[in-house]
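Peer 1: My questions all concern the structure below.
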Amino acid sequence: MKLHESMKAARRDNKMSGVAVAEILGMSAAAYRRYERGEVVPNATVILALSDLFNCSPTALMQTGGIDASATPRRIQRLEVDLREGVVVTFEIHAKVISKDNNN
């Protein structure tokens, strides 16, 4: 199963519509459909948001997306950490920008 297929399966398992998921993620339904069709690969922020929404780890979502977990478990763990740290850094930078804007 590829990543876009696992996203669709997880959404269906959680009895959610694509429109509902898109709304929660703050994107258009058309943009989310492109992820599920495999036309666009979601970035780390989207993968983390989906894993939280579907109550699974990013690793679990990506393992069904074609990453061979048995061959590269350390690489997958490192990727999950990198995803989480990258999002934290992004949010911290964004918060600093907002804070700076509000102080002016």
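Peer 1: Apply the Karplus parameterisation 6.51 cos²θ - 1.76 cosθ + 1.60, with θ equal to phi minus 60°, to every residue of the stretch 24-41 and state each ³J(HN,Hα) to the nearest whole Hz, in sequence, with x for glycine and proline.
Peer 2: After applying 6.51 cos²θ - 1.76 cosθ + 1.60, I find 4, 6, x, 9, 6, 4, 5, 5, 5, 4, 5, 5, 5, 7, x, 7, 9, 8 Hz.
Peer 1: Report the full-extension gain for the segment E39 to I24: residue separation times 0.36 nm, less the Cα-Cα distance, to one decimal in nm.
Peer 2: Gain on extension, E39 to I24, equals 3.4 nm.
Peer 1: If you don't mind, another one. Could you tell me which GluC sites (Glu not before Pro) in the stretch 1-43 are loop residues by DSSP with no more than 15 other beta carbons within 10 angstrom of their beta carbon?
Peer 2: Passing sites in the stretch 1-43 are E39.
Every number in this text was worked out from the coordinates using simple rules, so none of it is lab data. Everything quoted here is computed from the prediction, not taken from an experiment. Positions of Cβ are generated from backbone atoms using ideal geometry, with glycine treated the same way; all protein chains shown enter the neighbour counts.
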